[in-house]
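S.K.: Pasting a structure below so you can have a look.
The values are calculated or read from the model by the stated rules, or taken from the named source; none is laboratory data. Computed from a prediction, not measured in an experiment: that's the story for all the values here. Note: ideal-geometry Cβ built from the backbone for every residue, glycine included; neighbour counts use all protein chains shown. Just the protein is used for accessible areas: all its heavy atoms, side chains included, with ligands, DNA and RNA removed. Shrake-Rupley method; radii C 1.70, N 1.55, O 1.52, S 1.80 Å.
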Amino acid sequence: MTLAAAPCLAALCGAEFLAGVPLTAAQMPTSRPVHIVQIGDSHTAGDAITSALRDTLQARLGNGGRGLMPAGRPHAGVRTRGVAVAVSGPWSSRGLFGSNAADAWPPRGITGYTVSSRSPGAALSLTADSAFTAFGVCVAAGPTGPRLSLTLGADTQELDFTAETDGPQCRRFVAPVATGSARLELVAGEAIVTGWWLERPQGVIVSNLGVPGSQLQFLGRADDATMAAQFQALPADLVILAFGTNEGFAPFFDAARLESQIREQVARIRRLAGLVPILLIGPPDAASRNTQLRNNVVGGATGAAPDCNRSVLSTPSRLPVDGLDIPLWIDEGGALAPDPVTLSGPMPRAVRRGLPLFNPPALAAASDAQRRVAAELGIAFWDWRARQGGACAAVRWMQTGLMGPDFIHYSPAGGAEVARLLLADLDAAREAGAR
């Protein structure tokens, strides 16, 4: 069975490059779980979309485990739905974006974060909603260890990561019986933990590896050896790269630079993970009132920043816009409503006119650049923004409870809808290829 080789089917282009990804029971391997890895920004870190993708695929094809995650709680914006994490003792974290992110040490891999401690007795633990049969951990090993105590359920063992030279080690441990808990405690040395994962014998794993605020360029800060060890320990059947929002909200966006970064990181993933299918996801629609972003494309955008005022809906069934500074557009007469205005309905509310609401033009420019490079590199591309409804769709999604009042991030219901749209396009491409 192959996927359709048409240039684009709905919002999905290059679907034929995903032909090897198992998405039906007949395609599933019997000796291991299928692993989908999504690497991205806050949309990935928040897990609203990836958790819905995980739930749907696991309901369809079986639960293969929670997958690869940053260890501990490295950042408030990182969500590990299905797993509760506890931290005791002093631990520090370092991500690919943020304070001191450009430092080469401690190393970080595809999880985007490293947590470290030098205090014996410091511990990281997790409790999963679903039992798992194997636990994996990746650390930076060296001449001084570290030595860790690992408890899986009621079983405890000591792990010695002492090595002659510094380098990453990822180890997988089979639980004596299926369990829902794991605990790592530092015995000696310095624990530099670059990730951990939960696994089951069969089914689907969806790992959400996101760094809030990140752009694709920051993936270049990840350590090659650590990335390779993580890909080898838990091989990927599909890598999804989901960037573009922060590029689209940058003060100055350079399409040529993004194209170069895509080529560099795709080549790097192919070198470190093998010839795994790759799906590049463009940025979603998002809106802003920051007037500095109205002309944020280097060399100028092909058109003006779309005005989203007309997309504001005033019916009582929509979420209130009181206090959100959204200008209310009146279709009759084509003008902004007077300030303030009271809407009729069960819950009358005042609406304040604020700064113009618009799409930063770099969002469309970033999506166009991703589409071009994906076709050149032989990888798939999904136009998230088009599938969402195009320019100013973020306003409608916010007013129906699918996005937050920042017009950027998604509610659980919105994440589920994005996952549904993506899977619908993947399924449609597969069905078209079968005909």
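S.K.: Select from the stretch 358-397 the residues that are part of a helix (DSSP H, G or I), open to solvent by less than 20 Å² (accessible area, probe 1.4 Å) and out of contact with any helix residue (DSSP H, G or I) (no Cβ under 6 Å at 6 or more places or on another chain) and list them in ascending order.
M.R.: Correct list: PRO361, GLN370, ALA374, TRP384, GLN388, ALA393, ALA394.
S.K.: Something else about it: Six or more apart or on different chains, Cβ under 8 Å: which pairs go from a residue in the stretch 294-310 that's closer than 11 Å to ALA365 by Cα and of a type outside the set (A, V, I, L, M, F, W, C) to one that's part of a loop (DSSP other than H, G, I, E, B) and at pLDDT 85 or above? Could you list them?
M.R.: Pairs that qualify, where the first residue is closer than 11 Å to ALA365 by Cα and of a type outside the set (A, V, I, L, M, F, W, C) and the partner is part of a loop (DSSP other than H, G, I, E, B) and at pLDDT 85 or above, are ASN296/PHE249; ASN296/ALA250; ASN296/PRO251; ASN296/PHE252; ASN296/PRO360.
S.K.: Being open to solvent by 30 Å² or more (accessible area, probe 1.4 Å) and either in contact (Cβ under 8 Å) with a residue 24 or more places away in the chain or small (Gly, Ala, Ser) (or both) narrows it down to one residue among ALA71, ALA45, ALA52, ALA86; which is it?
M.R.: Numbers: ALA71 fails: open to solvent by 30 Å² or more (accessible area, probe 1.4 Å); ALA45 fails: open to solvent by 30 Å² or more (accessible area, probe 1.4 Å); ALA52 fails: open to solvent by 30 Å² or more (accessible area, probe 1.4 Å).
Just one listed residue meets the conditions, ALA86.
S.K.: Of everything in the stretch 129-146, what is out of contact with any Leu (no Cβ under 7 Å at 6 or more places or on another chain), surrounded by 20 or more Cβ atoms within 10 Å (Cβ to Cβ) and of a type in the set (A, V, I, L, M)? Give them in sequence order.
M.R.: Result: VAL139, ALA140, ALA141.
S.K.: Take the conditions touching a strand residue (DSSP E or B) at 6+ places or on another chain (Cβ under 7 Å), crowded, with 19+ Cβ neighbours inside 10 Å and in a strand (DSSP E or B) and apply them to ARG94. Does it pass? Break it down into steps so the answer makes sense when it comes.
M.R.: Values: touching a strand residue (DSSP E or B) at 6+ places or on another chain (Cβ under 7 Å): yes; crowded, with 19+ Cβ neighbours inside 10 Å: yes; in a strand (DSSP E or B): yes.
Considered against the rule, which asks whether it is touching a strand residue (DSSP E or B) at 6+ places or on another chain (Cβ under 7 Å), crowded, with 19+ Cβ neighbours inside 10 Å and in a strand (DSSP E or B), ARG94 comes out as yes.
S.K.: Could you pull out the residue among ALA59, ALA76 that is more than 15 Å from SER214 (Cβ to Cβ), out of contact with any Gly (no Cβ under 7 Å at 6 or more places or on another chain) and without any contact (Cβ under 8 Å) to a residue 60 or more places away in the chain?
M.R.: Working: ALA76 fails: more than 15 Å from SER214 (Cβ to Cβ).
Result: ALA59 is the single residue among ALA59, ALA76 that is more than 15 Å from SER214 (Cβ to Cβ), out of contact with any Gly (no Cβ under 7 Å at 6 or more places or on another chain) and without any contact (Cβ under 8 Å) to a residue 60 or more places away in the chain.
S.K.: Which condition from (1) open to solvent by 20 Å² or more (accessible area, probe 1.4 Å); (2) in contact with a strand residue (DSSP E or B) (Cβ under 9 Å, 6 or more places away or on another chain); (3) within 23 Å of VAL373 (Cα to Cα) is the one that ASN246 breaks?
M.R.: With respect to (1) open to solvent by 20 Å² or more (accessible area, probe 1.4 Å); (2) in contact with a strand residue (DSSP E or B) (Cβ under 9 Å, 6 or more places away or on another chain); (3) within 23 Å of VAL373 (Cα to Cα), ASN246 is out only on (2).
S.K.: Now for a different question. Would you confirm whether any residue within the stretch 122-139 is of a type outside the set (D, E, K, R) and in a loop (DSSP other than H, G, I, E, B)? If you could, list the steps in order and put the result at the bottom.
M.R.: Start the filter on the stretch 122-139 by keeping residues that are of a type outside the set (D, E, K, R), which leaves 122-128, 130-139.
Of the ones still in play, those that are also in a loop (DSSP other than H, G, I, E, B) are 122.
Within the stretch 122-139, one or more residues are of a type outside the set (D, E, K, R) and in a loop (DSSP other than H, G, I, E, B).
S.K.: Which residue out of SER119, SER99 is open to solvent by 30 Å² or more (accessible area, probe 1.4 Å), farther than 24 Å from GLN217 by Cα and in a loop (DSSP other than H, G, I, E, B)?
M.R.: None of the others qualify; the one that does is SER119.
S.K.: Any residue in the stretch 398-410 that is farther than 11 Å from ALA287 by Cα, open to solvent by 30 Å² or more (accessible area, probe 1.4 Å) and in a helix (DSSP H, G or I)?
M.R.: There is no residue in the stretch 398-410 that is farther than 11 Å from ALA287 by Cα, open to solvent by 30 Å² or more (accessible area, probe 1.4 Å) and in a helix (DSSP H, G or I).
S.K.: Kindly indicate whether any position in the stretch 147-154 is over 30 Å from SER31 (Cβ atoms), at pLDDT 95 or above and in contact with a strand residue (DSSP E or B) (Cβ under 9 Å, 6 or more places away or on another chain). Lay out the reasoning, then the answer.
M.R.: To start, the set of residues in the stretch 147-154 that are over 30 Å from SER31 (Cβ atoms) comprises 147, 149.
Remaining after also requiring at pLDDT 95 or above: 147, 149.
Checking which are in contact with a strand residue (DSSP E or B) (Cβ under 9 Å, 6 or more places away or on another chain) leaves us with 147, 149.
Looking through the stretch 147-154, at least one residue is over 30 Å from SER31 (Cβ atoms), at pLDDT 95 or above and in contact with a strand residue (DSSP E or B) (Cβ under 9 Å, 6 or more places away or on another chain).
S.K.: Go through the residues of the stretch 275-282 one by one and say whether even a single one is crowded, with 21+ Cβ neighbours inside 10 Å and over 15 Å from VAL37 (Cα atoms).
M.R.: Looking through the stretch 275-282, at least one residue is crowded, with 21+ Cβ neighbours inside 10 Å and over 15 Å from VAL37 (Cα atoms).
S.K.: Okay, moving on. For ARG81, work out the one condition from (1) in contact (Cβ under 8 Å) with a residue 60 or more places away in the chain; (2) part of a loop (DSSP other than H, G, I, E, B); (3) surrounded by fewer than 24 Cβ atoms within 10 Å (Cβ to Cβ) it doesn't fulfil.
M.R.: (1)
S.K.: Looking at this structure, is LEU159 in a strand (DSSP E or B), at pLDDT 95 or above, of a type in the set (A, V, I, L, M, F, W, C) and under 16 Å from LEU68 (Cβ atoms)? Break it down into steps so the answer makes sense when it comes.
M.R.: On the way: in a strand (DSSP E or B): yes; at pLDDT 95 or above: yes; of a type in the set (A, V, I, L, M, F, W, C): yes; under 16 Å from LEU68 (Cβ atoms): no.
For LEU159, the condition - in a strand (DSSP E or B), at pLDDT 95 or above, of a type in the set (A, V, I, L, M, F, W, C) and under 16 Å from LEU68 (Cβ atoms) - is not met.
S.K.: Would you check which residues across the stretch 206-244 are under 11 Å from the mean Cα position of the chain (by Cα), within 22 Å of TRP105 (Cβ to Cβ) and hydroxyl-bearing (Ser, Thr, Tyr) and list them?
M.R.: SER214
S.K.: State which residue is surrounded by the most Cβ atoms within 10 Å (Cβ to Cβ) when the search covers only the stretch 209-243 and only residues that are of a type outside the set (A, V, I, L, M, F, W, C) and in a loop (DSSP other than H, G, I, E, B).
M.R.: At the first step, the residues of the stretch 209-243 found to be of a type outside the set (A, V, I, L, M, F, W, C) are 210, 212-215, 217, 220-221, 223-224, 226, 230, 232, 235, 237.
Keeping just the survivors that are in a loop (DSSP other than H, G, I, E, B) gives 212-215, 223, 235, 237.
Working: PRO212: 20, GLY213: 19, SER214: 25, GLN215: 22, ASP223: 21, PRO235: 14, ASP237: 20.
Among those residues, the one meeting the criterion is SER214.
S.K.: For ARG200, indicate whether it is surrounded by fewer than 24 Cβ atoms within 10 Å (Cβ to Cβ), over 21 Å from SER93 (Cβ atoms) and in contact (Cβ under 8 Å) with a residue 40 or more places away in the chain.
M.R.: Numbers: surrounded by fewer than 24 Cβ atoms within 10 Å (Cβ to Cβ): yes; over 21 Å from SER93 (Cβ atoms): yes; in contact (Cβ under 8 Å) with a residue 40 or more places away in the chain: yes.
So ARG200 passes the test.
S.K.: Okay, next question. Might you let me know whether the stretch 169-177 holds any residue that is crowded, with 22+ Cβ neighbours inside 10 Å and not aliphatic (A, V, I, L, M)? Write out each step before concluding.
M.R.: Restricting attention to the stretch 169-177, the residues satisfying the condition of being crowded, with 22+ Cβ neighbours inside 10 Å are 170.
Those still in the list that are not aliphatic (A, V, I, L, M) too: 170.
Taking every residue of the stretch 169-177 in turn, at least one turns out to be crowded, with 22+ Cβ neighbours inside 10 Å and not aliphatic (A, V, I, L, M).
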